[in-house]
Number of protein chains: 2
Amino acid sequence: MPRPTKNEPERGDARTRLLEAARDTIRAKGFAATSVDDLCRAAAVTKGAFFHHFGSKDALGVAAAEHWSETTSAFFAGAPYHAPDDPLDRVLAYIAFRKSIITDDPAEFSCLAGTMAQEVHASSPAIRDACGRSLFRHAATLEADIEEAMRDRGLSGEWTAASLARHTQTVIQGAFVIAKAGNDPALARESLDHLDRYMRLLFGRAAEDRAQ
Amino acid sequence: MPRPTKNEPERGDARTRLLEAARDTIRAKGFAATSVDDLCRAAAVTKGAFFHHFGSKDALGVAAAEHWSETTSAFFAGAPYHAPDDPLDRVLAYIAFRKSIITDDPAEFSCLAGTMAQEVHASSPAIRDACGRSLFRHAATLEADIEEAMRDRGLSGEWTAASLARHTQTVIQGAFVIAKAGNDPALARESLDHLDRYMRLLFGRAAEDRAQ
DNA sequence: CAATATACCGACCGAACGGTATGAATAGGC
DNA sequence: GCCTATTCATACCGTTCGGTCGGTATATTG
């Protein structure tokens, strides 16, 4: 079971490098337009290594979605938006955080799972489901805070915490699409402002104290 | 300038048939995964005909986006949601209409422009811009009604009619992504309900009288 | 009725595609 | 110190890709 050579200590992490290359390249070009050779070049591995670690290009797609789910889970778990005492503040801080990480390059800030799911939803159920799990698992991390904020205010009825959590992801995914179509990340931030406003209106929180 | 032959009267519409095939196939499989041969097969034309009408696959992509823009413009212009006297009612009727045309198959109800833009935003500026024009031109058709509804209620300040019109498209595009990822069109309808609720909260319209 | 332009047809091209077969290097278990 | 499993490397395969090209049929123009 040999991987790290004395002369080549970075040996053995070909799989990880391929997953990282997949994350970056697929976000930039899409899944179908990304060739196996593209990924091997970006990860500086050979085709033999690729098909040693992944049985097919589709299998790489599934693994990339799972890797995406794991790394983003860790990233958001460690983010500062969990700090506020009030649950609604945490939800609003989440939206503000999502807004703050939008940079100039869509390949940097957009979502691998959303991009791939949109592309392969009909042609590759395995990849689509892996992307769906990533997306809805992330959405679910908001549910507890939303639920608590609803209880605090005695809200209930037309909509559920789960539904609002999913809607948050809808707006975020849509924001990525619109930002790409308009070639302007500001369009994404603009919609996150509307999402923030929706939350405040739902929970009766004034807009004046919004963090800028 | 000959096209309709006596024996083959459907001759001459190869271009249109290719554009319709592009609309259907690209919505189902994406742009990169759709081959020129796929389109020729679906449109029952030869490769010679394809490259007679379109200089390249990219040119077909641009033409498909423009064709999409024209046909959807006509479709929405003729839709019944323009009937109400009150401008806010027209906006809410638009959202209800968008919800009503969501069927079981994403390839039927999703947006060609959004799908293509997400895929080619970095690799093909020409297609991306054609998709962007389609999207934002459609968004702009909502602006006048939103503006009028704002005037009616003396609303102004944090957000503009143009911004809210764009946000509407953000939610719709996001709804398509989430519906595909979750393999469930109901997820899209759910987010349109949240968008409806946001509009009512913004404009101080009660939710009880919502059409079902 | 010849000239011309349009609308196609279908065989073909080189490159790139996803995937495979074989084998070398390495390190841990015994 | 040998065996075995793992991690790659390299060369190659058949297919499909976007695109080209010479040719044909038809309708319009003068």
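So here's what we get for this one:
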{"quantity": "Exclusive hit being buried (at least 23 other Cβ atoms within 10 Å of the Cβ) and more than 14 Å from chain A (Cβ to nearest Cβ), set B:L88, B:L92", "calculated": "B:L92"}
{"quantity": "Residue check, B:A64 more than 9 Å from DNA strand C (Cβ to nearest atom), open to solvent by less than 20 Å² (accessible area, probe 1.4 Å) and either modelled with pLDDT of 95 or more or in contact with a Gly (Cβ under 8 Å, 6 or more places away or on another chain) (or both)", "calculated": "yes"}
{"quantity": "Where B:E70 falls short, out of the listed (1) open to solvent by 10 Å² or more (accessible area, probe 1.4 Å); (2) within 22 Å of B:I146 (Cα to Cα)", "calculated": "(2)"}
{"quantity": "Conditions (1) at pLDDT 95 or above; (2) over 16 Å from the mean Cα position of the chain (by Cα); (3) not in a loop (DSSP other than H, G, I, E, B): number failed by A:T34", "calculated": "(3)"}
{"quantity": "Options A:T115, A:T103; residue that is away from DNA strand D (no atom under 16 Å from the Cβ) and in contact with a Gly (Cβ under 7 Å, 6 or more places away or on another chain)", "calculated": "A:T115"}
{"quantity": "A:F75 being aromatic (F, W, Y), surrounded by 15 or more Cβ atoms within 10 Å (Cβ to Cβ) and either over 21 Å from B:L187 (Cβ atoms) or within 16 Å of DNA strand D (Cβ to nearest atom) (or both)", "calculated": "no"}
{"quantity": "Residue match in region A:192-205 (condition: among the aromatic types (F, W, Y), more than 7 Å from chain B (Cβ to nearest Cβ) and either open to solvent by less than 10 Å² (accessible area, probe 1.4 Å) or under 19 Å from A:S100 (Cβ atoms) (or both))", "calculated": "no"}
{"quantity": "Scope region B:68-104; condition part of a loop (DSSP other than H, G, I, E, B) and in contact (Cβ under 8 Å) with a residue 60 or more places away in the chain; matching residues", "calculated": "B:D86, B:I102, B:T103, B:D104"}
{"quantity": "Subset of region A:142-174 that is among the β-branched types (V, I, T) and open to solvent by less than 10 Å² (accessible area, probe 1.4 Å) - its residue that is nearest to the other protein chains (Cβ to nearest Cβ)", "calculated": "A:T170"}
{"quantity": "Residues located in region B:175-191, provided they are more than 7 Å from chain A (Cβ to nearest Cβ) and farther than 13 Å from A:G114 by Cβ", "calculated": "B:D184, B:P185, B:A186, B:A188, B:R189"}
{"quantity": "Count - residues of region A:46-61 that are outside any helix (DSSP H, G or I) and surrounded by fewer than 16 Cβ atoms within 10 Å (Cβ to Cβ)", "calculated": "3"}
{"quantity": "In region A:114-141, residue most open to solvent (accessible area, probe 1.4 Å) [restricted to those that are outside any helix (DSSP H, G or I) and more than 9 Å from chain B (Cβ to nearest Cβ)]", "calculated": "A:T141"}
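The values are calculated or read from the model by the stated rules, or taken from the named source; none is laboratory data. Treat the numbers as computed from the prediction; the structure is a model and nothing was measured. Positions of Cβ are backbone-derived with ideal geometry, glycine not excepted, and every protein chain shown enters the neighbour counts. Keep in mind that these areas ignore ligands, DNA and RNA; they rest on the heavy atoms of the full protein, side chains included. Shrake-Rupley method; radii C 1.70, N 1.55, O 1.52, S 1.80 Å.
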